[in-house]
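Colleague: Below you will find the structure I want to go over with you.
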Amino acid sequence: MKMQLPIGISRRYAVLGGGVLITIWLWLALDRKILPTHRIWNAPSKGQLISPSVDAFDFPPVDSDEIRAVCSSTKWNESLVFTCDNNHGGIGHVRNSILNCVRYAIGAGGSLVLPNIALRDEDDMEHDHSHNEKRHGPGRKGMDYMFDVEHFADSLRMSCPDLVLIKHMEETFSPRRRGLLPEHLFTNVPTSGLEHPEEWSMRLEAWIHENMPSYPEKEPIVIDLEQSFLHYPTHSDGHKFAHAFGNILKFRPDVRRLATTTLNKLSEWYELPLNISEPIMKPSFMGAHLETGNPFLEQRHNVDVAYSHFQAQCAAYIELATSSHTPLMYVASGNLPEIHKLGLLATSASIAVTHKEDLLKEKDMEQLEMLKWDQRALVDYLVLLKAQDFAGVGHSSFSWQVAVTRHESGDHRKGVLESDVWSDGLSTLYGVRSSYVESSECMWS
């Protein structure tokens, strides 16, 4: 097994135990054939925040007393390592899966290998079965495929300094390495999430004792975490913790700047005096997530689910824009022909429809086209966060992620589910079941 040295490490250990750590790592390198090649002590980032006119979505690393309090009460185990490589799906799935990995690692007091992201097969969109990746799958990318890795590392260094981040660990066989879906250790997992997440460490210890050999002791215990999505109750450590914890993930800089440019172009083209530094801009435009015919739509949703079709979503979105007297709609969708169809139908209600591909030009458009499907969706996600109103669908984790994050930026008015429409005054989701609302309690904002 080859492992590169940690990205971040406690200042206390750096000052008081540097010599001890060096001795331990040399012993590990010689005795276990783990040869460290590069170590990053992860000093604080020297970069300054960029002007909102260039990057309206930049924010400093998280420095949270609430996260520090949880981490300081953790019993840390240097021989326990977690990997987090099974993060697949759209941004809603990937983001929450990675954050759950971090929370489980903290709860167990283990080290964490920097997460990876499993790619989705975009060739399915074109029904191209001759692509070389079809045989072996699309593969994986590092966190920087979607996120700002430096921000992630700096935030954990500041807010949870005892959590050791490991840059990379190869996939090698060991009797002391096994995969695990955390919620499988709990007998009852309702849609609202784990009833007693504080039992995770105790249950994990029992599972390790039962399933892992005690020898060789020099080998670390490595647990490959499977994707955990809507099962960890995000507010179990308090509201302030949940809000700060979600912010350890920030999108990559090029995506943030493209979203900022999209907003600037929208303001310029439609002569809207927008203050794009505001979390939610009022007055501005209505944002809509058109989720129809998505090749990545989860198979567990039936095709006849209400509001899963273009006609139902289109009618609902136009009605909402009309009732809120919002003459401009920004639409997020991977299906451009259906955006254009929505635009034609909206003209009869005197509503203009636009989208990122319509607003970005020349070099900006070239930069957008260099991005993959899920990376482009991040641009839409950021733009929708700042809309005056947002409309989406209940069967989409993307729509829910936008709504939950917007909720944190607003007046925290409790969402209400009437029939199959959920609204909190900032966002409206159509085709919502009560179980969806309960599951949203397990989505990090």
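The values are calculated or read from the model by the stated rules, or taken from the named source; none is laboratory data. None of the values given here were measured: they were computed from a predicted structure. Cβ placement follows ideal geometry from the backbone for every residue including glycine, while neighbour counts extend to all protein chains displayed. Areas reflect the complete protein model, heavy atoms only, side chains present, ligands, DNA and RNA absent. Shrake-Rupley method; radii C 1.70, N 1.55, O 1.52, S 1.80 Å.
Colleague: Which ones in region 261-291 are open to solvent by less than 10 Å² (accessible area, probe 1.4 Å) and either touching a helix residue (DSSP H, G or I) at 6+ places or on another chain (Cβ under 8 Å) or basic (Lys, Arg) (or both)?
Modeller: Once the filter is applied, which keeps residues that are open to solvent by less than 10 Å² (accessible area, probe 1.4 Å) and either touching a helix residue (DSSP H, G or I) at 6+ places or on another chain (Cβ under 8 Å) or basic (Lys, Arg) (or both), region 261-291 yields THR262, LEU263, LEU266, PHE285, MET286, GLY287, ALA288, LEU290.
Colleague: For region 237-251, how many residues meet the condition of being over 15 Å from CYS160 (Cα atoms) and buried (at least 20 other Cβ atoms within 10 Å of the Cβ)?
Modeller: So the count comes out to 2.
Colleague: Working only within region 209-228, note down all residues that are open to solvent by 30 Å² or more (accessible area, probe 1.4 Å) and either of a type in the set (A, V, I, L, M) or under 22 Å from the mean Cα position of the chain (by Cα) (or both). It would help to see each step written out before you state the result.
Modeller: If we filter region 209-228 for residues that are open to solvent by 30 Å² or more (accessible area, probe 1.4 Å), which is where we start, we get 209-211, 213-219, 224, 226-227.
Of everything in region 209-228, those that are open to solvent by 30 Å² or more (accessible area, probe 1.4 Å) and either of a type in the set (A, V, I, L, M) or under 22 Å from the mean Cα position of the chain (by Cα) (or both) turn out to be ASP224, GLU226, GLN227.
Colleague: Next up: Residues GLY392, GLY415: which one is open to solvent by less than 10 Å² (accessible area, probe 1.4 Å) and in contact (Cβ under 8 Å) with a residue 12 or more places away in the chain?
Modeller: On the way: GLY415 fails: open to solvent by less than 10 Å² (accessible area, probe 1.4 Å).
Exactly one of GLY392, GLY415 is open to solvent by less than 10 Å² (accessible area, probe 1.4 Å) and in contact (Cβ under 8 Å) with a residue 12 or more places away in the chain, namely GLY392.
Colleague: List pairs: first in region 223-240 and over 18 Å from ARG203 (Cβ atoms), second surrounded by 18 or more Cβ atoms within 10 Å (Cβ to Cβ) and of a type in the set (Ser, Thr, Tyr), Cβ under 7 Å, 6+ apart or cross-chain?
Modeller: Correct list of pairs: GLN227/SER97; PHE229/SER97; LEU230/SER439.
Colleague: Being of a type outside the set (Ser, Thr, Tyr), in a loop (DSSP other than H, G, I, E, B) and in contact with a helix residue (DSSP H, G or I) (Cβ under 7 Å, 6 or more places away or on another chain) is the filter here, so list the residues in region 187-213 that pass it. Don't jump to the end; show me each part of the working.
Modeller: First, the residues of region 187-213 that are of a type outside the set (Ser, Thr, Tyr): 188-190, 193-200, 202-213.
Filter again for in a loop (DSSP other than H, G, I, E, B), leaving 188-190, 193-196, 212-213.
Within region 187-213, VAL189, GLY193, LEU194 meet the criteria.
Colleague: Further question: Report yes if some residue within region 374-386 is within 27 Å of ILE98 (Cα to Cα) and open to solvent by 40 Å² or more (accessible area, probe 1.4 Å); otherwise report no. Break it down into steps so the answer makes sense when it comes.
Modeller: Going through region 374-386, the residues within 27 Å of ILE98 (Cα to Cα) turn out to be 374-386.
Next, from what is left, pick out any that are open to solvent by 40 Å² or more (accessible area, probe 1.4 Å): 376.
Checked region 374-386: at least one residue is within 27 Å of ILE98 (Cα to Cα) and open to solvent by 40 Å² or more (accessible area, probe 1.4 Å).
Colleague: Suppose we filter region 149-184 for residues that are open to solvent by 30 Å² or more (accessible area, probe 1.4 Å) and part of a helix (DSSP H, G or I); how many remain?
Modeller: Residues in region 149-184 being open to solvent by 30 Å² or more (accessible area, probe 1.4 Å) and part of a helix (DSSP H, G or I): 5 in total.
Colleague: Considering only residues of region 73-86 that are out of contact with any Cys (no Cβ under 9 Å at 6 or more places or on another chain) and closer than 14 Å to LEU163 by Cβ, which is surrounded by the most Cβ atoms within 10 Å (Cβ to Cβ)?
Modeller: Among those residues, the one meeting the criterion is VAL81.
Colleague: Please determine whether any residue of region 211-226 is farther than 30 Å from LEU368 by Cα, among the basic types (Lys, Arg) and either in contact with a Pro (Cβ under 8 Å, 6 or more places away or on another chain) or modelled with pLDDT under 95 (or both). Working first, answer last.
Modeller: Of region 211-226, the ones farther than 30 Å from LEU368 by Cα are 211-226.
With the extra rule that they be among the basic types (Lys, Arg), the set shrinks to 218.
Imposing the further condition that a residue be either in contact with a Pro (Cβ under 8 Å, 6 or more places away or on another chain) or modelled with pLDDT under 95 (or both) reduces the set to 218.
Scanning region 211-226 turns up at least one residue that is farther than 30 Å from LEU368 by Cα, among the basic types (Lys, Arg) and either in contact with a Pro (Cβ under 8 Å, 6 or more places away or on another chain) or modelled with pLDDT under 95 (or both).
Colleague: Next up: Identify all residues within region 395-412 that are over 15 Å from the mean Cα position of the chain (by Cα) and either surrounded by 23 or more Cβ atoms within 10 Å (Cβ to Cβ) or of a type in the set (D, E, K, R) (or both); write none if there are none.
Modeller: Initial filter on region 395-412 (over 15 Å from the mean Cα position of the chain (by Cα)): 395, 407-412.
Answer for region 395-412, where residues must be over 15 Å from the mean Cα position of the chain (by Cα) and either surrounded by 23 or more Cβ atoms within 10 Å (Cβ to Cβ) or of a type in the set (D, E, K, R) (or both): HIS395, GLU408, ASP411.
Colleague: If a residue has to be hydrophobic (A, V, I, L, M, F, W, C) and open to solvent by less than 10 Å² (accessible area, probe 1.4 Å) to count, how many in region 330-355 make the cut?
Modeller: Here is the first cut: in region 330-355, the ones hydrophobic (A, V, I, L, M, F, W, C) are 331-332, 336, 339, 342, 344-346, 349, 351-353.
Now drop any that are not open to solvent by less than 10 Å² (accessible area, probe 1.4 Å), which leaves 331-332, 339, 342, 346, 351.
Residues meeting the conditions: 6.
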